[in-house]
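The next block holds one structure in the form of structure tokens; read it before the comments.
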Amino acid sequence: MRIDIISLFPEFVALCAGFGVVGRAQERGLLSIHGWNPRDYAQGNYRRVDDRPFGGGPGMVMLIDPLRAAIDAARAADPIRGRVVYLSPQGRALTQARVRELAGQSRIILLCGRYEGVDERLLAAEVDEELSIGDYVLSGGELAAAVVVDAVARLQEGVLNDAGSAVQDSFEGDGLLDCPHYTRPVEHALGAVPEVLLSGNHAEIARWRRRQALLRTRERRPDLLAAAGLSAEEARWLEAQDGTGDEAG
Ligand SMILES: C[S@@+](CC[C@H](N)C(=O)[O-])C[C@H]1O[C@@H](n2cnc3c(N)ncnc32)[C@H](O)[C@@H]1O
């Protein structure tokens, strides 16, 4: 997969993408990241990329032309067209389902805003989709772009050492939260590992994990349960639990 980043600080996103899973994805040739700085396409001695907003008010607005030239340059670098995604607090919320869809594309072009944002005409003409990483305002789209890159990279086939690990994550499959995880030592001053996990009984372990996922989803994100498509038996079992987070049996 190819990801192009249009940003005044493309090296910042590249730095975020240089470590861990995303770094490995690049090393393995499964992901390539290319930065395009609108300032390189700006005119004049000062290479301006922003100007004051019409109508007055605080802050600056990113100019159309340097952004457009950077997008054109990115497009010209590869025949795969790729969706242009503007990172914006006003965009559709980024979910794991949307991450999966984006991860399935051969190319995306991420546009990062700064200041008060981007001239609306550029967004109307060039942007296919706006994505928000949450209901708060960042000073620039770079961190949001790094979030998209990370989430999308780990879903590329061959990136995670164990392909099954992404499938059991929160929000995957039927959208429940993940179950709790434990590792060595079995006994610790902070508590013992639940016995079922040591039993070697795979069916029992799977059932325990599923039930834990149900319990913690109900406790932490009850909004996710409605869409999870629980079986009648699971729904009855969950109903019978007392809400303490411990299984009633
Ligand atoms: C200071 S913000 C501009 C906010 C804009 N005036 C508004 O209120 O909608 C500057 C840039 O940061 C990025 N940004 C800020 N918050 C974001 C969020 N929650 N998700 C994605 N991008 C965000 C966008 O690219 C935006 O153009």
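Laboratory data are not the source of any read-out in this text; all were calculated from the coordinates shown. Note that the coordinates shown come from a computational prediction; the quantities given were computed from them, not determined experimentally. All Cβ positions, glycine included, derive from the backbone under ideal geometry; neighbour counts span all protein chains shown.
Run the simple label-point estimate for Ala228 and Ala189 please: 7 Å along Cα→C-beta, distance reported in nm.
Each label point lies 7 Å from its Cα, and together they span 3.5 nm.
Enter the Cα centre distance for the pair the stretch 48-62 and the stretch 186-229, rounded to the nearest angstrom.
52
Treat every Asp and Glu Cβ in the stretch 116-157 as -1 and every Lys and Arg Cβ as +1, leave all other atoms uncharged, and give the resulting dipole magnitude about the Cα centre to the nearest 20 debye.
I would put it at about 160 debye.
Net charge within 10 Å of Ile5 by Cβ-Cβ distance, Lys/Arg positive one each and Asp/Glu negative one each, not counting Ile5 itself?
Numbers: positive: none; negative: Asp4, Glu11, Glu142.
Spelling it out: positives minus negatives among the neighbours equals -3.
I want to verify a result. In a Gaussian network model of the chain, Cα cutoff 10 Å, which of these has the top mean-square fluctuation: Glu126, Glu233, Glu172?
Comparing Glu126, Glu233, Glu172 in the GNM, the peak value goes to Glu233.
Report the label-to-label distance for Arg236 and His181 in nanometres (one decimal), using points 7 Å from each Cα along the Cα→Cβ vector.
Going by the 7 Å Cα→Cβ label model, 3.4 nm.
Taking the dipole about the Cα centre of the chain, with the C-beta of Lys and Arg at +1 and of Asp and Glu at -1, give me whichever of Gly200, Ser170, Leu230 is farthest to the positive side.
Of the candidates, Ser170 comes out farthest on the positive side.
Provide the FRET efficiency to the nearest 0.05 for the Gln26-Gln105 pair, computing r from the beta carbons and using R0 = 22 Å.
0.80
So how strong a dipole does the chain carry about its Cα centre when Lys and Arg Cβ are +1 and Asp and Glu Cβ are -1, to the nearest 20 debye?
480
Report the charge-dipole magnitude of the stretch 129-249 in Debye, nearest 20, computed about the Cα centre from +1 at each Lys and Arg Cβ and -1 at each Asp and Glu Cβ.
320
What residue among Gly35, Gly164, Gly23 has the largest mean-square fluctuation in a Gaussian network model of the chain, using Cα springs under 10 Å?
Judging by the Gaussian network model, the answer is Gly164.
With contacts defined as alpha carbon pairs under 8 Å and 6 or more residues apart, what's the relative contact order of the chain in percent?
Relative contact order for the chain comes out at 19 percent.
If a/c stays under 1.5 just call it rounded; otherwise compare a/b with b/c (prolate if a/b is bigger, oblate if not). Do that for the chain, with a ≥ b ≥ c from the square roots of the Cα gyration tensor eigenvalues.
Here the chain falls in the prolate category.
Mind telling me which of Ser132, Ser88, Ser199 comes out most flexible in a GNM of the chain, alpha-carbon contacts under 10 Å?
Ser199
Can you tell me the FRET efficiency between Phe19 and Ala163 if r is taken as the Cβ-Cβ distance and R0 is 22 Å, rounded to the nearest 0.05?
Given R0 = 22 Å and the Cβ-Cβ separation, E is 0.60.
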